[in-house]
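Colleague: I'd like to ask some things about the structure below.
The values are calculated or read from the model by the stated rules, or taken from the named source; none is laboratory data. Not measured: the values here are computed from a predicted model. Here Cβ is always computed from backbone atoms with ideal geometry, including for glycine, and neighbour counts include all displayed protein chains. When the accessible area is computed, the model is the full protein with side chains, heavy atoms only, and any ligands, DNA or RNA have been set aside. Shrake-Rupley method; radii C 1.70, N 1.55, O 1.52, S 1.80 Å.
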Number of protein chains: 2
Amino acid sequence: MALAVAQLGPVHLRDSRESVVKRLLQMMREAKGRGARLVVFPELALTTFFPRYWMDEQEAQARFFETAMPNPVVQPLFDEARRLEIGFHLGYAELTRDGRPFNTAILVDPSGTIVGKYRKIHLPGHAERKEGVPFQHLEKKYFQVGDRGFGVWDTMGARLGMCICNDRRWPETYRVMALQGAELVVLGYNTPSYNINWDEPTHLRTTTHLLALQGNAHMNGMWVAAAAKCGSEDGFHMFGSSVIVAPTGEIVARTLSEDDEVITANADLRLGELYRQNIFNFGKHRRPEHYGLILERTGAGEPLPQPPID
Amino acid sequence: MALAVAQLGPVHLRDSRESVVKRLLQMMREAKGRGARLVVFPELALTTFFPRYWMDEQEAQARFFETAMPNPVVQPLFDEARRLEIGFHLGYAELTRDGRPFNTAILVDPSGTIVGKYRKIHLPGHAERKEGVPFQHLEKKYFQVGDRGFGVWDTMGARLGMCICNDRRWPETYRVMALQGAELVVLGYNTPSYNINWDEPTHLRTTTHLLALQGNAHMNGMWVAAAAKCGSEDGFHMFGSSVIVAPTGEIVARTLSEDDEVITANADLRLGELYRQNIFNFGKHRRPEHYGLILERTGAGEPLPQPPID
């Protein structure tokens, strides 16, 4: 399956959605020109990464959320997808008709139809105002936890799953999709280059990002395609390192810039099958009877009592 | 916490357990000399990796299993641990008093007392004889699935968990221990350098091994110490690449040889705490209500029905 990841450089506060859609259209055409059947755009692709700013919810919703999808501003993406016969994945802030805010991604097929929707489950950051830091990370304030689970869809010749940003760091995310037969997981992210919680050495910001993608792609015998929004948005820097990862855990394509950039790979879905039928044959080797704590506990607790040593 | 991994080179069929214990003793002394408080020996450390050979269960048990622990042959390890005041981790084939065979590891504290026992849960390989391959991988024939769960123990100043070999490739292994507060997971392994199931490119044998250890160490904010038995046992090669991995996912010590070799690291347990209190604060961020399939399904199945796209 020919696949493209379209990384997006900075989107500043002053940038209109129309200007962003133009950049996305240009990358969509490049992706198609390089043979891709699906192009993966980032999380919250249409605006700046607004959870870094403190404001009230109403203001955030008025400025940064979409109340319909498609809508007139993004319609050209749907039209161009149908014209070019290419699918796409797009992340945006969604306000539902009944007023619930989500960090959402959609999967659109080459006929321009929305075939899948995912609402982010692992919201990072905090809901209260954090003092003494250069920026906020208010996803827990502006979004509700996703209510649609981790879905998987048969479309464009593959079994595809979606997750968003921080979801990629949680092994449960990929496992729940692998247990539905996912061959490919696509995702977008906006990740600050500076950790506001502790003095994390800079190199770890990207190595841990890659490690999560590579480790989980491998342990689930799946392809993973991850698209960053990155660069310095009004002075707040986010890293790039968008990648396409094979089921071997190897990075087969990666961005070099922190600006608009398209990467592609020909994802051989049979490669994942080799892992899923052998070393990671779940039916033969998994032991759910010993995994109970994964559901029983949310946070970490005390060690379980152990049988006597005989 | 000062930690040593003692990798063991080949143990051939003709090698006596006494000769192996002498090698382990020598590495235990080296580990102590380098300041270690705990030394991690490999899986099935006392004999050759016998699951590569076809034989009947009675023969395997008579030749390769221990019916008591400690026993006269390994007693010098317990005595030396007490004398040096160093703990150790040892893997061996266990035959219980009621005749059940397990692939087992024990944790022995610096007083020479067995404080923890683990029986391998994720048994790889097959139970039937495989034709047309250079060697077998009969763990499912010679061992029962472990019956003690993934335990965690407070000992030697740390909260410690154990797993064995193929367990390291399953994210559930580490998660169940992390949910009991594990700060360090120790394990041994015997991994053939050749994949009998499909023509896997050689470099992947070690990169996927490291990726599983690094990815899971990081995603659980824990240290991982992994000890190989390796080199060519009677012509059957197993890889080395024993490592100590930090909660950052970084390899802080690794072996270079495929022979007896000790590596050490000073494992700062507070480093894991930084991850577990921030990005991987389970209590704040995990969403078990969306993880149901991890327990409900063993093998992969069809996609779950999705709500309509609204």
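Colleague: Give B:190, B:197 a once-over and let me know the one that is surrounded by fewer than 24 Cβ atoms within 10 Å (Cβ to Cβ) and out of contact with any helix residue (DSSP H, G or I) (no Cβ under 6 Å at 6 or more places or on another chain).
Modeller: Answer to the selection: B:197.
Colleague: Would you call residue B:133 open to solvent by 20 Å² or more (accessible area, probe 1.4 Å), facing chain A (nearest Cβ under 8 Å), out of contact with any Gly (no Cβ under 6 Å at 6 or more places or on another chain) and in a loop (DSSP other than H, G, I, E, B)?
Modeller: The answer is no for residue B:133.
Colleague: Right, next: I'd like to know if segment B:202-213 contains one or more residues that are open to solvent by 20 Å² or more (accessible area, probe 1.4 Å), farther than 18 Å from residue A:276 by Cβ and hydrophobic (A, V, I, L, M, F, W, C).
Modeller: Yes, there is a match, as at least one residue in segment B:202-213 is open to solvent by 20 Å² or more (accessible area, probe 1.4 Å), farther than 18 Å from residue A:276 by Cβ and hydrophobic (A, V, I, L, M, F, W, C).
Colleague: So is residue A:237 in contact (Cβ under 8 Å) with a residue 24 or more places away in the chain, away from chain B (no Cβ under 14 Å) and either buried (at least 18 other Cβ atoms within 10 Å of the Cβ) or not polar (S, T, N, Q) (or both) or not?
Modeller: yes
Colleague: Answer yes if at least one residue in segment A:230-241 is at pLDDT 95 or above and under 17 Å from residue A:174 (Cα atoms), and no otherwise.
Modeller: no
Colleague: Report, by residue number, each residue of segment A:181-223 that is on the phi > 0 side of the Ramachandran plot and more than 9 Å from every other protein chain (Cβ to nearest Cβ).
Modeller: Residue satisfying the conditions is A:221 alone.
Colleague: Does at least one position in segment A:138-146 carry a residue that is open to solvent by 40 Å² or more (accessible area, probe 1.4 Å) and farther than 19 Å from residue A:64 by Cβ?
Modeller: So far as segment A:138-146 goes, no, none of its residues is open to solvent by 40 Å² or more (accessible area, probe 1.4 Å) and farther than 19 Å from residue A:64 by Cβ.
Colleague: Given the condition more than 30 Å from residue B:173 (Cα to Cα) and not polar (S, T, N, Q), answer yes or no: does some residue in segment A:157-166 qualify?
Modeller: yes
Colleague: Another question, if that's okay. Could you say which residue among A:178, A:158, A:127 is more than 8 Å from chain B (Cβ to nearest Cβ), in contact (Cβ under 8 Å) with a residue 12 or more places away in the chain and over 30 Å from residue A:198 (Cβ atoms)?
Modeller: Answer to the selection: A:158.
Colleague: How many residues are of a type outside the set (Lys, Arg), out of contact with any strand residue (DSSP E or B) (no Cβ under 8 Å at 6 or more places or on another chain) and closer than 16 Å to residue A:61 by Cα if we restrict to segment A:73-122?
Modeller: Qualifying residue count, segment A:73-122: 2.
Colleague: Another question, if that's okay. Going through segment B:101-124 one residue at a time, which ones are under 24 Å from residue B:191 (Cα atoms), more than 9 Å from chain A (Cβ to nearest Cβ) and among the aliphatic types (A, V, I, L, M)?
Modeller: If the condition is that a residue be under 24 Å from residue B:191 (Cα atoms), more than 9 Å from chain A (Cβ to nearest Cβ) and among the aliphatic types (A, V, I, L, M), then B:105, B:107 are the ones that fit.
Colleague: Name the residues in segment B:111-126 that are surrounded by 15 or more Cβ atoms within 10 Å (Cβ to Cβ) and either among the basic types (Lys, Arg) or under 20 Å from the mean Cα position of the chain (by Cα) (or both), would you?
Modeller: Result: B:115, B:116, B:117, B:118, B:119, B:120, B:121, B:122, B:123, B:124, B:125, B:126.
Colleague: If you scan segment B:161-173, which residues turn out to be within 19 Å of residue A:295 (Cβ to Cβ) and at the interface with chain A (Cβ under 8 Å from one of its Cβ atoms)?
Modeller: Scanning segment B:161-173 gives B:170, B:171, B:172.
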